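Asker: Here you go, one structure.
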2 protein chains.
Amino acid sequence: MVKKVVIIGGGAAGPKTAAKLKREAPDILIEMYTDEQNISYSACGIPYYVEGIIQDVEELYVRSPEEFEHRGIRVFLGQRCIKILKEEKKVILQDVKTKEEKYVEYDILVLATGATPHVPHIENINNFENIYTLRKIEDGKALREVMLSSKKATIIGFGYIGIEMLEAFVKNGLFVNIIDRNKYLMGVFDEDISSRIQEHIVQKDGSKIRIYNLDEAIRFEGNNKKVEKIITKNGYEIETDFVLISAGIVPNTQIAVDCGLKTGIKNSVWVNSHMETSEEGIYAVGDCCEKRHIVTKKACWLPLGSTANREGRCAAINIANKNCDFEGVLGSAVSRYFDFTVAMAGLTEKQAKNLGYDTISAIVTKNDRAGYMPEAATICLKLIADANSHEIIGVQGIGTGDAEKRVATASIAIMEGVKAEDFMSIDLPYAPPYSTAIDPLLNAVQILMKKLDID
Amino acid sequence: MVKKVVIIGGGAAGPKTAAKLKREAPDILIEMYTDEQNISYSACGIPYYVEGIIQDVEELYVRSPEEFEHRGIRVFLGQRCIKILKEEKKVILQDVKTKEEKYVEYDILVLATGATPHVPHIENINNFENIYTLRKIEDGKALREVMLSSKKATIIGFGYIGIEMLEAFVKNGLFVNIIDRNKYLMGVFDEDISSRIQEHIVQKDGSKIRIYNLDEAIRFEGNNKKVEKIITKNGYEIETDFVLISAGIVPNTQIAVDCGLKTGIKNSVWVNSHMETSEEGIYAVGDCCEKRHIVTKKACWLPLGSTANREGRCAAINIANKNCDFEGVLGSAVSRYFDFTVAMAGLTEKQAKNLGYDTISAIVTKNDRAGYMPEAATICLKLIADANSHEIIGVQGIGTGDAEKRVATASIAIMEGVKAEDFMSIDLPYAPPYSTAIDPLLNAVQILMKKLDID
């Protein structure tokens with residue numbers, strides 16, 4: 001019988017596993033170790049703390065260590081797991097300050113070690129102190145501090161963290177340089193959508209932002225450990241007060257790799273649908289583990305906070321000897337630049353083509369609600385279908401109107417494998433303050449049907 | 001071969017049929033007749049014209065008669081169809097002003113005659129002029145005029161029109177009496193939800209509104225053709241400057257009944273999945289025809305603007321000799337009282353129980369987005385599942401937060417027959433300004449699963 005569960009990691013997936021497991025099996029001893037000084041916080045909220053929308057960083061904490069302790073979950077801060085001894089069912093934990101090591105036994109081990117920012121190779125990167133990434137609470141505090149005393153920021157790499165920090169920097173009056181490899185910002189979207197995202201950002205705040213597309217930082221220059229200038233591949237010299245690198249993340253899985261757990265994409269930890277790794281009794285949840293894509297049925301690595309929570313819940317149910325299968329992910333994601341939403345679910349068209357799908361797609365630009373309502377605003381939706389099966393396999397939605405609702409709605413249809421022709425039958429709530437009599441999603445479906453010659 | 005299609009009715013379904021048919025089969029002669037003085041308008045927008053949000057009534061017109069004529073669709077205003085001669089394939093049309101009659105031949109006839117407000121039997125109802133209903137543009141104009149010169153309004157019956165007109169009257173400074181048969185306002189919802197709707201309305205504007213629940217108007221009294229007092233069944237005497245009756249609608253199907261077309265619920269016109277009536281060559285679309293409920297697979301009559309548009313589209317495709325099956329409706333609907341949304345899809349719990357379902361349900365009250373975001377607001381969601389199949393069969397969502405998104409999202413799940421346990425696998429977009437890491441919908445599903453003992 002399971003007596004003791006040790007959880008490594010205290011971000012989202014670890015605490016979720018602990019809390020759910022305590023409810024499911026109150027008698028199990030649960031210990032949660034993190035190398036950070038805090039646990040159970042909303043990493044997705046950190047950009048809004050930097051921006052100043054959230055005044056007090058405490059608001060980002062979901063539950064305090066004391067709350068966990070009160071529920072009977074033991075919490076250990078500042079303890080880094082440096083080794084898994086899977087034969088002995090022990091882990092070695094190192095105190096991040098004293099470097100003291102200790103052995104901790106487990107019956108079940110849960111890896112929730114998360115991910116770390118990917119830092120590209122740029123000359124002199126290690127010589128300077130004012131180069132930041134954003135992942136943890138402490139990163140947010142440091143970034144807010146430097147932002148408040150700076151005039152010029154440079155963002156290297158531009159995805160979800162990039163767009164959120166751009167909002168923060170612009171809102172706080174900084175001039176922002178963006179260096180990004182892609183043709184357009186938010187290259188995670190298809191180019192016909194990312195071009196519109198960039199267009200909006202430039203139209204709104206072009207005087208406060210300079211974008212270096214299809215470029216890369218190759219060298220930092222400066223004095224007194226401060227970067228002052230960035231040299232790019234295309235030969236630009238960009239002056240800056242500090243640098244934010246937001247060029248993606250990589251899973252934090254060294255200890256898993258070291259002990260021989262099976263790994264997958266980007267060295268993420270392989271798990272089965274019960275969130276159990278290749279080693280019986282070791283589970284992995286959250287950003288450190290590989291995912292299964294619901295559309296392709298193939299492995300992928302799409303690390304997202306909502307997924308982390310659902311995986312933690314699922315692992316806890318299985319550890320408690322009940323049954324939960326994690327179905328996988330759609331890559332549903334959303335962010336914003338002020339009032340401009342960028343959202344997606346399922347496959348992009350370029351992903352789908354790379355995977356060998358024969359795709360068709362439709363783009364519509366429409367009011368999000370009845371045009372005569374004062375709150376009506378524009379959204380642009382892209383729907384992608386498999387030309388052979390007719391199934392909707394991806395959606396992207398952007399705009400100052402309610403694009404996110406359409407992406408959320410379409411995500412269920414993608415999940416259920418709804419075909420374009422059947423999508424026309426969906427019965428969505430309609431009233432002028434909320435939508436149009438024929439929802440923009442259906443306008444997009446109509447175009448798909450025309451292209452499929454089934455209209 | 002079809003040469004001439006005659007459409008009776010110019011609200012939403014008729015014009016939609018005409019426009020779609022013209023695109024599908026440009027050579028067909030299309031004539032559209034309406035007894036009104038305008039066509040192709042958004043009836044759902046009329047309350048917002050009364051309220052003053054829409055300044056110009058012209059904004060409600062989707063397309064003008066001239067635009068239809070320009071596309072080659074002939075439009076005849078002020079022509080009431082008084083008889084269908086189905087053997088001769090003719091209709092008799094009467095000019096509403098001159099009463100002149102004429103015969104019009106058709107190859108295909110489309111009935112889009114809509115619905116009419118249901119007016120209950122109340123003593124003296126025919127003796128007064130200041131008793132209004134709201135259905136057509138002219139009704140809206142009259143109601144706006146009387147509202148602007150009044151201090152006290154009384155609304156009899158309280159559904160979607162009721163709640164929208166309450167907003168209009170309160171916004172315009174009137175004191176509003178509401179007489180409604182139900183225990184709580186918005187009796188179309190389950191009582192555990194409608195009680196919360198009424199609670200919100202009372203909390204927000206209790207000093208401007210008096211609600212007479214479980215009551216009925218039985219007599220009007222007044223002078224000079226003006227109602228001044230309403231006597232209720234419970235013995236109240238309510239002073240008022242005018243009366244709005246919003247006690248539901250009935251399908252407008254006298255001509256269909258007269259010519260022997262098969263009818264269904266409330267005398268709505270029976271149609272097959274092609275929108276064709278029991279008489280070959282006669283179609284019916286929009287509020288005048290019966291619907292099929294997607295959950296129950298049974299006939300129902302849920303007249304809604306979004307349905308009307310989709311039915312019109314479907315009929316047009318079939319008339320053009322292509323194939324379109326109308327799947328049916330979910331009863332998806334939404335409205336609001338200022339910033340407070342009320343939305344539903346699928347079956348209510350009481351409907352489901354009346355139909356013999358063994359139901360379970362879950363209610364959650366949650367923030368609609370991360371609690372630390374300033375725009376976070378409360379929503380209350382109710383999910384209803386079939387206790388035997390575990391399928392989600394209904395959703396209701398209310399609140400100042402984004403309840404409508406959750407209802408739209410769940411409506412796809414209801415449509416697809418998603419089970420509670422599978423609903424937990426849905427992957428919705430998450431970011432703090434849009435949602436919570438575990439969406440309130442999923443919190444509700446968790447409760448369902450507990451009740452089903454499958455968690």
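Asker: A:Thr253 - would you say it is more than 30 Å from A:Ile414 (Cα to Cα), among the polar types (S, T, N, Q) and away from chain B (no Cβ under 14 Å)?
Answerer: yes
Asker: Scanning segment A:152-162 for residues that are within 14 Å of chain B (Cβ to nearest Cβ) and more than 15 Å from A:Leu214 (Cα to Cα), which turns out surrounded by the most Cβ atoms within 10 Å (Cβ to Cβ)?
Answerer: Restricting to residues being within 14 Å of chain B (Cβ to nearest Cβ) and more than 15 Å from A:Leu214 (Cα to Cα), the top hit is A:Gly162.
Asker: Residue check: is A:Ala413 surrounded by fewer than 24 Cβ atoms within 10 Å (Cβ to Cβ) and facing chain B (nearest Cβ under 8 Å)?
Answerer: Criteria not met by A:Ala413.
Asker: Now a separate question. Quickly run through segment A:148-184 and pick out the residues that are part of a loop (DSSP other than H, G, I, E, B) and among the basic types (Lys, Arg).
Answerer: Once the filter is applied, which keeps residues that are part of a loop (DSSP other than H, G, I, E, B) and among the basic types (Lys, Arg), segment A:148-184 yields A:Lys151, A:Arg181, A:Lys183.
Asker: Regarding segment A:420-429, can at least one residue be identified that is more than 17 Å from B:Ser306 (Cα to Cα) and in contact with a strand residue (DSSP E or B) (Cβ under 8 Å, 6 or more places away or on another chain)?
Answerer: yes
Asker: Filter segment B:260-294 down to the residues that are part of a loop (DSSP other than H, G, I, E, B) and of a type in the set (Asp, Glu) and list them by number.
Answerer: B:Glu279, B:Glu280, B:Glu290
Asker: Starting from residues that are more than 29 Å from B:Ala352 (Cα to Cα) and acidic (Asp, Glu), keep the ones in segment B:163-214 and report whichever is surrounded by the fewest Cβ atoms within 10 Å (Cβ to Cβ).
Answerer: B:Asp205
Asker: Which is closer than 25 Å to A:Ile161 by Cβ and of a type in the set (Phe, Trp, Tyr), of A:Tyr49, A:Tyr33?
Answerer: Answer to the selection: A:Tyr49.
Asker: Tally up the residues in segment A:323-343 that are facing another protein chain (nearest Cβ under 7 Å) and either under 30 Å from A:Pro26 (Cα atoms) or among the basic types (Lys, Arg) (or both), please.
Answerer: So the count comes out to 3.
Asker: Also: Restricting segment A:7-30 to residues that are under 21 Å from the mean Cα position of the chain (by Cα) and either basic (Lys, Arg) or at positive phi (or both), which is surrounded by the fewest Cβ atoms within 10 Å (Cβ to Cβ)?
Answerer: In this case the residue turns out to be A:Lys16.
Asker: How many residues are among the β-branched types (Val, Ile, Thr) and assigned to a helix (DSSP H, G or I) if we restrict to segment B:116-147?
Answerer: Here the count works out to 3.
Asker: Suppose the filter is touching a residue at least 24 places away in the same chain (Cβ under 8 Å), more than 30 Å from B:Gly9 (Cβ to Cβ) and not polar (S, T, N, Q); does B:Ala315 pass it?
Answerer: no
Asker: Now for a separate question. Output the residues belonging to segment A:418-440 that are among the hydrophobic types (A, V, I, L, M, F, W, C) and in a loop (DSSP other than H, G, I, E, B).
Answerer: Hits for segment A:418-440 are A:Val418, A:Met424, A:Ile426, A:Leu428, A:Ala431, A:Ala437, A:Ile438.
One line per residue, one yes/no per condition, for (1) in a strand (DSSP E or B); (2) in contact (Cβ under 8 Å) with a residue 40 or more places away in the chain; (3) more than 29 Å from A:Ser149 (Cβ to Cβ); (4) out of contact with any Gly (no Cβ under 6 Å at 6 or more places or on another chain):
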| residue | (1), (2), (3), (4) |
| --- | --- |
| A:Met186 | no, yes, no, yes |
| A:Ile193 | no, yes, yes, yes |
| A:Ile211 | yes, no, no, yes |
| A:Glu221 | yes, yes, no, yes |
| A:Leu244 | yes, yes, no, yes |
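Asker: Of all residues in segment B:298-322, count the ones that are more than 9 Å from chain A (Cβ to nearest Cβ) and more than 22 Å from B:Glu416 (Cβ to Cβ).
Answerer: So the count comes out to 9.
Asker: Shifting gears a bit: Quickly run through segment A:426-448 and pick out the residues that are of a type in the set (Gly, Ala, Ser), facing chain B (nearest Cβ under 7 Å) and closer than 15 Å to B:Ala403 by Cβ.
Answerer: Listed by number, the list holds a single entry, A:Ala431.
Asker: Pick from segment B:371-382 the residues that are away from chain A (no Cβ under 14 Å) and either part of a helix (DSSP H, G or I) or not small (Gly, Ala, Ser) (or both): which of them is surrounded by the fewest Cβ atoms within 10 Å (Cβ to Cβ)?
Answerer: Going through the qualifying residues, I end up with B:Thr378.
Asker: Under the condition of being farther than 12 Å from B:Asn38 by Cα and charged (D, E, K, R), which residue from segment B:49-73 is modelled with the highest pLDDT?
Answerer: Ranking the qualifying residues of segment B:49-73, first place goes to B:Glu51.
Asker: Next question, about the same structure. Suppose the filter is crowded, with 21+ Cβ neighbours inside 10 Å, away from chain B (no Cβ under 14 Å) and within 26 Å of the chain's Cα centre (by Cα); does A:Glu349 pass it?
Answerer: Yes.
Asker: Something else now. Here is a check on your reading of the model: is B:Tyr33 within 21 Å of the chain's Cα centre (by Cα) and among the aromatic types (Phe, Trp, Tyr)?
Answerer: No: the conditions fail for B:Tyr33.
Asker: For A:Glu280, only one of the following conditions fails: (1) under 18 Å from the mean Cα position of the chain (by Cα); (2) of a type in the set (Asp, Glu); (3) away from chain B (no Cβ under 14 Å). What is its number?
Answerer: (1)
Asker: To continue, here is another question. How many residues, within segment A:348-370, are free of Cβ contacts under 8 Å to residues at least 12 places away in the same chain and either of a type in the set (Phe, Trp, Tyr) or farther than 22 Å from A:Lys450 by Cβ (or both)?
Answerer: Going through segment A:348-370 one residue at a time, the tally reaches 2.
Asker: I've got another one for you. Consider segment A:226-240. How many of its residues are closer than 17 Å to A:Lys152 by Cα and either assigned to a strand (DSSP E or B) or of a type in the set (D, E, K, R) (or both)?
Answerer: Of the residues in segment A:226-240, 10 are closer than 17 Å to A:Lys152 by Cα and either assigned to a strand (DSSP E or B) or of a type in the set (D, E, K, R) (or both).
Asker: Looking at the structure I just gave you, is B:Thr113 in a loop (DSSP other than H, G, I, E, B) and closer than 30 Å to B:Ser306 by Cβ?
Answerer: yes
Asker: With respect to B:Ile393, is the statement that it is more than 28 Å from A:Val295 (Cα to Cα), under 22 Å from the mean Cα position of the chain (by Cα) and away from chain A (no Cβ under 11 Å) true?
Answerer: For B:Ile393, the condition - more than 28 Å from A:Val295 (Cα to Cα), under 22 Å from the mean Cα position of the chain (by Cα) and away from chain A (no Cβ under 11 Å) - is not met.
The values are calculated or read from the model by the stated rules, or taken from the named source; none is laboratory data. Only a predicted model underlies this, so the values are computations on that prediction, with no experimental measurement involved. Note: ideal-geometry Cβ built from the backbone for every residue, glycine included; neighbour counts use all protein chains shown.
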